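The values are calculated or read from the model by the stated rules, or taken from the named source; none is laboratory data. Note that this is a predicted model, so its numbers are computed, not measured. Here Cβ is always computed from backbone atoms with ideal geometry, including for glycine, and neighbour counts include all displayed protein chains.
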């Protein structure tokens, strides 16, 4: 019984971080589509930080024995880390060129 409870608790934190990242990514995408006020795009740049925290947490907690749900979270974490950084550098390239 204890093992099942610990597994549920181990999935709860990455799930919570995943939902937070989805919310911040939605703010970033909304800002990319419509740049008028109110501006929530800055919150989208928290996604790499939270994605990195989740990535490290899952690797530290589970090691290499990942269930498919946690593998999906790891793939999404890489997307949450790379996408806002790519958007930022794309904006810089647009301003320069």
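The figures follow:
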{"read-out": "Those residues of segment 1-22 which are loosely packed, with under 14 Cβ neighbours inside 10 Å and modelled with pLDDT under 85, in sequence order", "value": "1, 2, 3, 4, 5, 6, 7, 8, 9"}
{"read-out": "Residues located in segment 24-57, provided they are at pLDDT 90 or above and surrounded by fewer than 13 Cβ atoms within 10 Å (Cβ to Cβ)", "value": "56"}
{"read-out": "Criterion violated by residue 75 - all others in (1) within 14 Å of the chain's Cα centre (by Cα); (2) within 18 Å of residue 13 (Cα to Cα); (3) surrounded by 14 or more Cβ atoms within 10 Å (Cβ to Cβ) satisfied", "value": "(3)"}
{"read-out": "Every residue from segment 43-72 that is more than 16 Å from residue 13 (Cα to Cα) and touching a helix residue (DSSP H, G or I) at 6+ places or on another chain (Cβ under 8 Å)", "value": "43, 44, 45, 46, 48"}
